[in-house]
Amino acid sequence: MTAPLLLSALLLPIAPNVERPGMPRSEVSIVAVGTVRDVFTSGAGTQNVRRVTLLEVEEVERGRDLVPGRFLYLSTFENRMGPVPTTGAGGHAGYKPAGFRLRVWIVGKDGRNEGLYPEWYEVLPPVEKRD
């Protein structure tokens, strides 16, 4: 009796990783340029990693109530494949540590700022300091 049960378990399809659809950049609520000041990570070493990036805003291309010189927090996530297959989105396309200058595309979602999925930033050259 256990052989048919084992055989049926082996023949069950493994759920595919269903990717979250992306959003066009034209639909974001915020586009800003700034320098990453810090990145806070939770879930490091697990399959589900959440990050909050602190960006010092230099320039606002789109977005209400956002001004240069202020700080902006934005959330991203990453689901790493582990020993147990998971379904759902794979996560945002990476992140950059403190010191990088970025243009970011942000969506207001659930009362917080989330990076556009999956490609949420563009690396920019550093600003040359004037003497």
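Computed from the coordinates by the stated procedures, all read-outs in this text should not be read as laboratory data. All values reported here derive from a predicted model rather than from experimental measurement. Ideal geometry is used to build each Cβ from the backbone, glycine not excepted, and the neighbour counts take in all protein chains shown.
How much FRET efficiency would the formula 1/(1 + (r/R0)^6) give for T46 and M23, where r is the Cβ-Cβ distance and R0 is 25 Å, rounded to 0.05?
On the way: r = 26 Å, r/R0 = 1.05.
In this case the efficiency is close to 0.45.
Could you tell me the calculated FRET efficiency between A93 and D65, based on Cβ-Cβ distance and R0 = 22 angstrom, to the nearest 0.05?
For A93 and D65, the calculated efficiency is 0.20.
Once you list every other residue whose beta carbon is under 12 Å from the beta carbon of V67, what net charge do they have if Lys and Arg are +1 and Asp and Glu are -1?
Net local charge, V67 excluded: -2.
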